[in-house]
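*Asks:* After the structure tokens below, expect a handful of questions from me.
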Ligand code: GCU
């Protein structure tokens, strides 16, 4: 078989992984039966429950043998040979990563199987039922009542499978193989500076819909006319064509009817001059009700415009400075992945107490509670996909993986007013392959969502080999709407005194954002301001850096690294790091370091 044919086949297989059903918009507010709770699990580093001893996948067998874990086989006869039993195994809490739940799984990277059984009676025979996942890290194979539903790749975006045909009133069982092994051609790739939390990290639920239901919609302001609300609604089911859809916004006195076309979709727009625009100072959300003869769904949507004009960022037509902070999706107090409204509220309240009107959710899409809470609290959001450091730019599957991740997060968050920026990548090395990859991704994103800005966390360089003059000499800088870069002058790049010597030569007529800067400090470790790891060093670095970046004329925002100390297997310095990246302004125990107040004062000065 020729190399090309092999490549084509692998891409086709890969595409099939991403060609799942159209993600359900606003599954968040859909009536649902939660499958959260304790799931039995089997740790399977050799993937013994997936492959036979010839390393052939059991799922490819016409009649998979009992040894296939997804058959959930039980000993029926005393002569039966079955070497596993989910129901006698320990359990893990879902949602939750396995690393922070079990000491023995703290460093585990590999395959782990989950099993959950349940009874289910549909409220109407013609209804359909979907198994919906908020997210699972990294490669997830899903089986229902012994049948393969499909696979999802990517640890931070939602996916679903329809189970209507396979569902029984009694004793259904879901079996899920989750594999968080890091792979070179993955997104992210092998090395990152965060803990590779594995497992069913987000909510799982059963969503029952009418036979024909409202599958997908986007509703927003026309970004060029802030009195025009526009959008698109798609139905899924046998009655999707030529079907009436009603859009209601009671508070605005709006109730409009539209008809779907031959593809089951209707596009709409209408004028209203009574909108209270969503902004950090007044995060106004409207109840929006969409209904058809068979289905009805409600959402809470804010209306705002966001654009750039030369070096300015305009929110609802007014200049705004993005007073931000970077955040990892980690529950500071309990450890492990955050995955609830409470976690989101904790993290965003800390950001608010810093004086932030903006957060950078790094380096991957966080759970939906974060963006829903940001909508409520009035915090603008940068969302990013984990195209992080040096991924396999030449690999078409890697590209499709990245594209699918941005596509899924857009499908999830396109109706969230708080989300204003899609970031394509973080600290990626410039090359033609890389720039083509990111440019293609940006083009895809712009096509899919015209109501948000594009950026990426780039790196800065010396201007004409002059180490005291810094610039952005990155071809991708011409593609983005907001020119963002990370800089660590005073930490990885010399000492703090260097900040005074730096000038900037940034020629782009675009808003500039410092997406990262920072220094490590252990809470409670005190000393001189040139003594690394002390709070005084971090404090002084913040003071000097803020002065240094204020020299950039186009500066319109900053999101220092990082709100809270977070776990990383790259940080092993004893008594200081102990598996934590210590660049947080708040320790993992919630203690505010001195630099916290430097940034707070700086943001007050920006009011
Ligand atoms: C990088 C990177 C972060 C990392 C940080 C650090 O810039 O983007 O993911 O944690 O620097 O080194 O602390």
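*Asks:* Please verify whether residue 520 is at pLDDT 95 or above, within 28 Å of the chain's Cα centre (by Cα) and at positive phi, treating the condition exactly as stated.
*Replies:* On the way: at pLDDT 95 or above: yes; within 28 Å of the chain's Cα centre (by Cα): yes; at positive phi: no.
It is false that residue 520 is at pLDDT 95 or above, within 28 Å of the chain's Cα centre (by Cα) and at positive phi.
*Asks:* Would you mention how many residues in the stretch 306-327 are outside any loop (DSSP other than H, G, I, E, B), within 25 Å of the chain's Cα centre (by Cα) and either touching a residue at least 40 places away in the same chain (Cβ under 8 Å) or closer than 26 Å to residue 566 by Cβ (or both)?
*Replies:* Of the residues in the stretch 306-327, 9 are outside any loop (DSSP other than H, G, I, E, B), within 25 Å of the chain's Cα centre (by Cα) and either touching a residue at least 40 places away in the same chain (Cβ under 8 Å) or closer than 26 Å to residue 566 by Cβ (or both).
*Asks:* Sticking with this one: Condition (residue is more than 14 Å from the ligand (Cβ to nearest atom), in a strand (DSSP E or B) and more than 27 Å from the chain's Cα centre (by Cα)) applied to the stretch 586-597: is it met by at least one residue?
*Replies:* Scanning the stretch 586-597 turns up no residue that is more than 14 Å from the ligand (Cβ to nearest atom), in a strand (DSSP E or B) and more than 27 Å from the chain's Cα centre (by Cα).
*Asks:* Going residue by residue through the stretch 371-391, is there one that turns out to be within 16 Å of the ligand (Cβ to nearest atom) and at positive phi?
*Replies:* So far as the stretch 371-391 goes, yes, one or more of its residues are within 16 Å of the ligand (Cβ to nearest atom) and at positive phi.
*Asks:* If I ask for residues that are within 18 Å of residue 362 (Cα to Cα) and more than 16 Å from the ligand (Cβ to nearest atom), which ones from the stretch 481-511 would you list?
*Replies:* Listed by number, the residues that qualify are 482, 483.
*Asks:* Name the residues in the stretch 276-290 that are free of Cβ contacts under 8 Å to residues at least 60 places away in the same chain and under 28 Å from residue 243 (Cβ atoms), would you?
*Replies:* Listed by number, the residues that qualify are 286, 287, 289.
*Asks:* Could you tell me whether the stretch 19-34 includes any residue that is in a strand (DSSP E or B) and either within 23 Å of the chain's Cα centre (by Cα) or more than 23 Å from residue 217 (Cα to Cα) (or both)?
*Replies:* Looking through the stretch 19-34, at least one residue is in a strand (DSSP E or B) and either within 23 Å of the chain's Cα centre (by Cα) or more than 23 Å from residue 217 (Cα to Cα) (or both).
*Asks:* Pairs under 9 Å by beta carbon, first residue without any contact (Cβ under 8 Å) to a residue 40 or more places away in the chain and under 24 Å from residue 149 (Cβ atoms) in the stretch 177-196, partner within 16 Å of the ligand (Cβ to nearest atom) and in a loop (DSSP other than H, G, I, E, B), six or more apart or different chains?
*Replies:* Here the result reads 183/189; 183/190, each pair linking the stretch 177-196 to a residue that is within 16 Å of the ligand (Cβ to nearest atom) and in a loop (DSSP other than H, G, I, E, B).
*Asks:* Quick check on the stretch 269-305: of everything there that is surrounded by fewer than 16 Cβ atoms within 10 Å (Cβ to Cβ) and over 29 Å from the mean Cα position of the chain (by Cα), which residue is farthest from residue 377 (Cα to Cα)?
*Replies:* 293
*Asks:* Another question, then. For the stretch 142-167, which residues satisfy the criterion of being closer than 19 Å to residue 51 by Cα, outside any loop (DSSP other than H, G, I, E, B) and more than 20 Å from the chain's Cα centre (by Cα)?
*Replies:* 142, 143, 144, 147, 148, 149, 150 - these are the residues of the stretch 142-167 that are closer than 19 Å to residue 51 by Cα, outside any loop (DSSP other than H, G, I, E, B) and more than 20 Å from the chain's Cα centre (by Cα).
Condition check ((1) more than 16 Å from the ligand (Cβ to nearest atom); (2) more than 21 Å from residue 455 (Cβ to Cβ); (3) buried (at least 24 other Cβ atoms within 10 Å of the Cβ); (4) at pLDDT below 95) across all residues:
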{"site": "319", "(1), (2), (3), (4)": "yes, no, no, no"}
{"site": "342", "(1), (2), (3), (4)": "yes, yes, no, no"}
{"site": "364", "(1), (2), (3), (4)": "no, no, yes, no"}
{"site": "403", "(1), (2), (3), (4)": "yes, no, no, no"}
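*Asks:* For residue 145, indicate whether it is more than 16 Å from the ligand (Cβ to nearest atom) and either surrounded by fewer than 19 Cβ atoms within 10 Å (Cβ to Cβ) or within 29 Å of residue 36 (Cα to Cα) (or both).
*Replies:* yes
*Asks:* Scanning the stretch 392-401 for residues that are within 25 Å of residue 21 (Cα to Cα) and out of contact with any strand residue (DSSP E or B) (no Cβ under 7 Å at 6 or more places or on another chain), which turns out farthest from the ligand (Cβ to nearest atom)?
*Replies:* 396
*Asks:* Right, next: So residue 532 ticks every box in (1) modelled with pLDDT of 95 or more; (2) surrounded by fewer than 21 Cβ atoms within 10 Å (Cβ to Cβ); (3) closer than 25 Å to residue 306 by Cα but one. Which box is left unticked?
*Replies:* Here residue 532 clears every test but (3).
*Asks:* Then there is this: Tell me, which residue of the stretch 417-437 that is crowded, with 24+ Cβ neighbours inside 10 Å and without any contact (Cβ under 8 Å) to a residue 60 or more places away in the chain is farthest from the ligand (Cβ to nearest atom)?
*Replies:* Step by step, filter the stretch 417-437, then rank; the result is 419.
*Asks:* Then there's this: Which is under 18 Å from residue 553 (Cβ atoms) and at pLDDT 95 or above, of 541, 483, 453?
*Replies:* Exactly one of 541, 483, 453 is under 18 Å from residue 553 (Cβ atoms) and at pLDDT 95 or above, namely 483.
*Asks:* Then there is this: For the stretch 550-576, enumerate the residues that are within 29 Å of residue 107 (Cβ to Cβ), in a loop (DSSP other than H, G, I, E, B) and within 16 Å of the ligand (Cβ to nearest atom).
*Replies:* Within the stretch 550-576, 561, 562, 563, 565, 568, 569, 570, 571, 572, 573, 576 qualify.
*Asks:* Sticking with this structure for a sec: Filter the stretch 443-473 down to residues that are within 16 Å of the ligand (Cβ to nearest atom) and in contact with a helix residue (DSSP H, G or I) (Cβ under 8 Å, 6 or more places away or on another chain), then give me how many there are.
*Replies:* 2
*Asks:* Shifting gears a bit: If we only count strands (runs of 3 or more DSSP E) wholly inside the stretch 181-255, which ones have 2 or more residues that are at pLDDT below 95 and either within 16 Å of the ligand (Cβ to nearest atom) or within 26 Å of the chain's Cα centre (by Cα) (or both)?
*Replies:* Filter on the stretch 181-255 gives an empty set.
The values are calculated or read from the model by the stated rules, or taken from the named source; none is laboratory data. Small disclaimer: the values here were computed from a predicted structure and weren't measured. Because the Cβ atoms are built from the backbone with ideal geometry, glycine has one as well, and the counts that use them run over all protein chains shown.
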